Every structure is written in C-alpha cells, then in structure tokens.
Amino acid sequence: MWRLFSRFRGPSGYSASNTAEEVTHGIDATGLTAVITGASSGIGTETARVLALRGVHVVMAVRNMTAGGAVKDAIVKENPNAKVDVMELDLSSIAAVRKFAAEFKSRDLPLNILINNAGVAISFTLSEDKVELTFATNHLGHFLLTELLLETMKITARKSNIEGRVVNVSSALHWLADKIRFDKINEDTGSYVFQLYAQSKLANILHANELARRLKEEGVKITANSLHPGVITTGIYQHCYLRVVVNSFLGKFLKNVQQGASTTCYIALHPNLKGITGKYFVDNNFSKQSPYAKDKEVAEKLWDFSMILVRNK
C-alpha cells in the first residue's frame, strides 16, 4: 500500500518514490561549491555523488577519512569529471569544528551550499566538551559550523549573485520532542535514545527557522530550510535498539538511499525553490512542522543558548 501511495506526486511534481538523480535531472550546477557533513555513508554519500554528478564541487566533511576517501574514489571512478575533496570533521568536538572551518577558509574556496547532514543516535553520554553527545553532534556542531562558514557564504552570494542555501537534515521524529531541555541538556535523566535524537532533530528545524529569519531580516541572499529524508536503514542507528525497530517493523515503509537523498538534493539545487526559506520538507514537498518547531521564541532562545555553549568552549 505504501509503495503505491508513495508515488502520488505533490505540488512540486515529485513524490516519496523519486530519487535524488530524478529531482535534479537537467540541472547544471557547474561552478557551485557545497560542503556536506556525514558524506562518507548513507544519504550523505548519495547526496555527494548526485551533487558532483550535476557539476558541484563537493567538499565531503567526514569523521572517518578512510571511508571518505573510498567514497571519493568511487564517485570519481563513476564520474571522472567530478570535483570532490575530503576534509576531516568531528562534529561532536567544538575544537574540531573550528579547525575544519579555519582549514576550509584557508583554501580560499567559495561556498554556495551547506548541507548539515551528519547525525548520530546513541544512548546518553557526554562529548569531550561535556555536552550531551547526540545534541552536540546533531545540533551544536552544525550550529557552530554554519556560523563559522556563513561569512564565506555571504561573500560568495554577493560576488556571484547566486543564492546560497543552507540545508538541515532533520527528522519526522522531531514531533516526539515536546521541548528543548535547556536546563538539563547535559543531565542523564533516563531519556531513551529516540528522545535524545528527537530533541536534536527538533533543534535542527529551530536552527534553520531562526537562521532563515535572521538572513531575511539582514537582506542576505541565502536561504535556510530543513527536511525529513524519510525512513531509511542507514548507519545512524548502528549503536542503538532503533536499528532493530526500523528493520523489524518498518521494513515495508523504508526508502532506499537514492530516494532518501532526494529531498536534500531537491532543496539544495532545484531552481523552483529560489527564495524559499524557513520551510520544512518531506518527500520533496512542503510539510508541517510541529507547533514547538515553529515557536519563534524557542528558536531565538535556542540560538542564544547555543551561542553560549560554543563560546564557552
């Protein structure tokens, strides 16, 4: 039943069954540069492959350089004209994020597209900065990375007169998070893995929404949007029981990786989304955010809270 339903096209003309190649068919993105986090596996790899296929200079920001190098080799083998670089990035470490940003800027590259894709789903533990690890990796690292690269994106947009795009990969699980635990973010309150993950994915949407508001207010030619890629079996679940749940009970609803990367690539490249900002997408179409995700006061509070966390480290 889902297989049939998934083929119903939304207003964009695409559906859940479309692949990343299909939603970017005919798009020439030659001359654009994109940073993609978590590009060494899963939908990050497919996103990197398809963007490179469309002419984008892809910078893969990965924790595992060996795996990243193998992905680069595979992309170039398939597409000898592909422009792909691999750079090391551990999003759970504030120092590592700062190091990555400094190295990227030292290369004097333009930056048109930033895809905050990497994510983890693990039981409660603290990062080296003493921040709850899922929140640190999925939100805080991406928040800081975006802040550090934003000026480069602004300069690129101004010089090229081409709209920049920030894309946050979130999840429909954000609906399960009824709040951000500002006062207990680093306390082990007995939360399950999916609760920690849901909170971080809610933060991804709040971040995109507040960034979109600030950029629009500033008059900058950069958009910021978020998305749910669909239910996909990827390495993100490898450290928790969610993998069993996904494989055992949701198998019939799973997308493949090619379909899972489609909404990311659609938001990153499609000309129909020019000027569209502060939106949440599912299956290549606009979708509803949870009421909490749309709360402007919470988004602003999260922004200030995140700023304090990264400045104090």
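Each value in this text was obtained by applying a stated rule to the coordinates, not by laboratory testing. A quick note: this is a predicted structure, and the numbers were derived from the prediction, not measured. Cβ sites come from the backbone with ideal geometry, for glycine too, and all protein chains shown count toward neighbours.
For the chain, what is the mean residue ellipticity at 222 nm derived from helices alone (per DSSP H run of n ≥ 4: -39500 (n - 2.57); sum divided by total residues; nearest 500 deg cm²/dmol)? Please list the in-between numbers first.
Numbers: 11 runs with 129 residues, N = 313.
Roughly -12500 deg cm²/dmol at 222 nm, from the helical runs in the chain.
Considering only D183, D28, D283, the mean-square fluctuation computed in a Gaussian network model of the chain, springs between alpha carbons under 10 angstrom, is largest for D183. Centre-to-centre, using Cα atoms only, segment 290-308 and segment 205-229 are separated by 13 Å. Positive-end ranking of S41, A61, T277 along the dipole of the chain, with charges on Cβ about the Cα centre, is headed by T277.
How high is the relative contact order of segment 2-311, in percent, with contacts defined as C-alpha pairs under 8 Å that are six or more residues apart? Don't skip to the end; give the middle numbers.
On the way: 619 pairs, mean separation 66.6, N = 310.
That works out to 21 percent.
How large is the dipole of the chain about the Cα centre if only Lys and Arg carry +1 and Asp and Glu carry -1, each at its Cβ, rounded to the nearest 20 debye?
Value, rounded to 20: 580 debye.
What is the distance in Å between the Cα centres of segment 102-121 and segment 15-72? Each part reduced to its Cα centre gives a spacing of 13 Å. Residues I232, I308 in ascending order of nearby Cβ atoms (within 10 Å, fewest first): I308, I232.
Kindly list the residues of segment 79-113 that lie in the label zone of T30, defined by a backbone N under 13 Å from the point 7 Å along the Cα-to-C-beta vector. What the label zone holds, given the 13 Å backbone N cut-off, is 81-83. Here are some pairs, K77/K255; K274/K296; K159/K294; K159/K216; K159/K201; K105/K130; which of them have Cα atoms lying more than 21 Å apart in this structure? Violating the 21 Å limit, Cα to Cα: K77/K255; K274/K296; K159/K294; K159/K201; K105/K130.
Taking a ≥ b ≥ c as the square roots of the Cα gyration tensor eigenvalues, with a/c under 1.5 meaning rounded and otherwise prolate when a/b beats b/c, else oblate, which class fits segment 254-296? Kindly include the intermediate steps, with their values, before the conclusion.
On the way: a/c = 3.10, a/b = 1.30, b/c = 2.38.
It is oblate, given that a/c is not under 1.5 and a/b is not larger than b/c.
GNM remark for the chain: springs join alpha carbons under 10 Å apart, and the peak mean-square fluctuation among V23, V131, V169 falls on V131.
Ranked by Cβ crowding within 10 angstrom, fewest neighbours first, how are R311, R181 ordered?
Numbers: R311 9, R181 16.
The most exposed by this proxy come first: R311, R181.
Gaussian network model of the chain, Cα springs within a sub-10 Å range: biggest mean-square fluctuation belongs to which of H25, H57, H228? Most flexible of the set in this elastic network: H25.
Grab the Cα-Cα distance for A102 and D85, subtract it from 0.36 nm times how many residues apart they are, and report the gain in nm with one decimal. List each step's numbers first, then the result.
Details: separation 17, 0.36 × 17 = 6.12 nm, distance 1.56 nm.
Going from the current span to full extension adds 4.6 nm.
Once the chymotrypsin sites (Phe, Trp or Tyr not before Pro) in DSSP loops with at most 14 neighbouring Cβ atoms within 10 Å are cut out of the chain, the longest remaining piece is 9-191. A DSSP coil position with no more than 16 other Cβ atoms inside 10 Å describes the following GluC sites (Glu not before Pro) in segment 159-230: E187.
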